[in-house]
Amino acid sequence: MVVRAGREFLAIPGPTTMPDEVLRAMHRPAMDIYSPALEEMTASIQRDLSTLFATKARSYIYIANGHGAWEAALTNVLSRGDKVLVLESGRFAIGWGAAASAMGVEVEILKGSWSHAVRPAEVEARLRADTQREIKAILVVQIDTASGVVNDIEAIGRAIKAAKHDALFMVDAVASLGCMPFEMDAWGIDVAMSGSQKGMMAPPGLAFVAANDRARDIHTRAGLRTPYWDWTEREGAEHYKKYAGTAPVHLLFALRCAMDLLFEEGLEAAALRHRLLAEAVRRAVGTWAQGGVLGFNIAEARERSDTVTTVTMAKGSDPVALQRYCNEKCGVVLGTGIGDLLGQAFRIAHMGHVNAPMILGTLGVIEMALTALRIPHGAGGVDAAVTYLGEAVKA
Ligand SMILES: Cc1ncc(COP(=O)(O)O)c(C=O)c1O
């Protein structure tokens with residue numbers, strides 16, 4: 001017996017649901033990769049990426065996923081033997097650091113936790129102790145998609161400034177760009193990176209990096225540069241070189257359309273939509289948690305991200321069974337607990353092309369699964385979400 005039919009609903013943190021307009025934008029023939037129309041599209045996307053990152057700096061588009069953008073950011077500014085400081089708050093900054101390590105960069109991890117955000121004071125203390133200025137770059141994520149934490153990038157930027165340290169501040173916005181404020185210039189970020197498949201509502205396969213003048217100056221002396229990722233190679237007038245080869249035309253059609261939708265909505269409105277829907281999810285989870293089995297992975301409410309909520313389950317209960325029920329019976333795909341939370345958590349993504357029916361439907365299905373699987377939970381999670389939205393979204 002199932003109530004699944006029609007479209008499967010992805011509540012995973014990427015790839016996310018793509019708007020129909022974005023899907024349709026790709027349903028056309030390729031275009032001449034030397035045409036002025038494509039050159040203009042590239043220029044417009046680069047411009048709009050810089051707007052999204054809130055920077056005057058230049059943006060680069062790569063045919064890659066987030067891992068590629070990590071590598072692009074690292075190879076352009078570092079040399080073998082350089083040291084970077086990785087700020088732990090889950091899985092992804094650690095992954096970025098692992099890529100650096102594999103390239104011959106020395107990696108120091110500022111120990112954090114999977115259950116709370118990076119502490120800016122700890123960053124400042126570590127940087128003050130680096131009297132020899134050995135640390136060349138600081139790597140951190142704005143939202144860690146595994147733990148569900150949101151880091152206060154502005155405060156970390158202030159901490160770096162307070163320590164008077166000149167390390168490059170490099171920020172991963174893969175799970176946050178287009179979903180919440182990001183202020184590259186105002187927060188003192190030197191290199192920012194992101195990808196197409198989450199808040200950007202486009203297919204996986206495009207990666208973005210923005211680099212300010214300081215980073216581009218250091219780039220001129222970086223020893224890890226390789227032709228594909230190299231910023232200088234991509235900066236000339238020749239359009240073909242902007243992609244180090246053939247342009248990914250269909251992905252660009254999709255991204256152009258997705259960006260148009262995002263700007264049409266307005267960045268502030270999109271951020272507010274994410275905040276409201278995330279809070280609805282949190283109201284539901286908070287209610288279910290009263291049953292003593294479910295809980296928030298992130299201890300402090302203000303450190304829970306607006307794009308993904310990581311829900312822990314007590315020992316003896318099985319998140320995979322819950323996910324399986326949601327998927328097989330109802331066609332809703334939840335995110336799996338990953339890394340340290342493997343087998344102990346599930347994730348509800350609320351990023352990108354999401355609206356009230358999608359989120360309330362997802363919450364309804366989870367509550368249905370909790371009931372069907374006899375998992376103890378506080379009653380009325382969906383009610384709490386609906387009541388919250390009904391009060392917050394005024395008539
Ligand atoms: C915050 C963050 N950074 C980087 C990545 C890596 O991106 P990709 O899987 O596209 O390589 C992810 C993927 O989920 C992510 O969530």
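The values are calculated or read from the model by the stated rules, or taken from the named source; none is laboratory data. All values derive from a computational prediction rather than experimental measurement. Note that we place each Cβ from the backbone using ideal geometry, even for glycine, and neighbour counts take in every protein chain shown.
Key figures for this structure:
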{"quantity": "Selection status of LEU277, surrounded by fewer than 21 Cβ atoms within 10 Å (Cβ to Cβ) and assigned by TED's automatic domain parsing to the domain that holds ALA385", "calculated": "no"}
{"quantity": "Total residues in region 1-23, condition of a type in the set (Lys, Arg) and free of Cβ contacts under 8 Å to residues at least 60 places away in the same chain", "calculated": "0"}
{"quantity": "Condition check for GLU279: among the charged types (D, E, K, R) and touching a residue at least 60 places away in the same chain (Cβ under 8 Å)", "calculated": "yes"}
{"quantity": "Selection from region 146-160 of residues that are of a type in the set (A, V, I, L, M) and farther than 16 Å from ALA175 by Cβ", "calculated": "ALA155, ILE156, ALA159, ILE160"}
{"quantity": "Filter pass, ARG256 being among the basic types (Lys, Arg) and within 28 Å of VAL365 (Cα to Cα)", "calculated": "no"}
{"quantity": "Any hit, region 293-308, residues being in a helix (DSSP H, G or I), in contact (Cβ under 8 Å) with a residue 60 or more places away in the chain, out of contact with any Gly (no Cβ under 6 Å at 6 or more places or on another chain) and surrounded by 24 or more Cβ atoms within 10 Å (Cβ to Cβ)", "calculated": "no"}
{"quantity": "Residue pairs meeting the criteria (Cβ under 7 Å; at least 6 apart or on separate chains; first on the phi < 0 side of the Ramachandran plot and more than 16 Å from the ligand (Cβ to nearest atom), in region 202-217; second assigned to a loop (DSSP other than H, G, I, E, B) and hydroxyl-bearing (Ser, Thr, Tyr))", "calculated": "ASN212/THR55"}
{"quantity": "Region 324-353: number of residues that are buried (at least 18 other Cβ atoms within 10 Å of the Cβ) and either in contact with a Pro (Cβ under 8 Å, 6 or more places away or on another chain) or modelled with pLDDT under 95 (or both)", "calculated": "8"}
{"quantity": "Selection count, region 354-382, where residues are at negative phi, surrounded by 15 or more Cβ atoms within 10 Å (Cβ to Cβ) and of a type outside the set (A, V, I, L, M, F, W, C)", "calculated": "7"}
{"quantity": "ARG214 vs. criteria assigned to a helix (DSSP H, G or I), more than 12 Å from ALA73 (Cα to Cα) and in the same structural domain as MET170 (by TED's automatic domain parsing)", "calculated": "yes"}
{"quantity": "Some residue of region 106-115 being closer than 23 Å to THR42 by Cα, touching a residue at least 24 places away in the same chain (Cβ under 8 Å) and among the hydroxyl-bearing types (Ser, Thr, Tyr)", "calculated": "no"}
{"quantity": "Those residues of region 181-201 which are within 14 Å of the ligand (Cβ to nearest atom) and small (Gly, Ala, Ser), in sequence order", "calculated": "ALA192, SER194, GLY195, SER196, GLY199"}
{"quantity": "Test for ILE160: is it under 18 Å from the mean Cα position of the chain (by Cα) and part of a helix (DSSP H, G or I)", "calculated": "no"}
{"quantity": "Test: residue in region 109-127 that is among the basic types (Lys, Arg), closer than 18 Å to ILE218 by Cβ and not assigned by TED's automatic domain parsing to the domain that holds GLY352", "calculated": "no"}
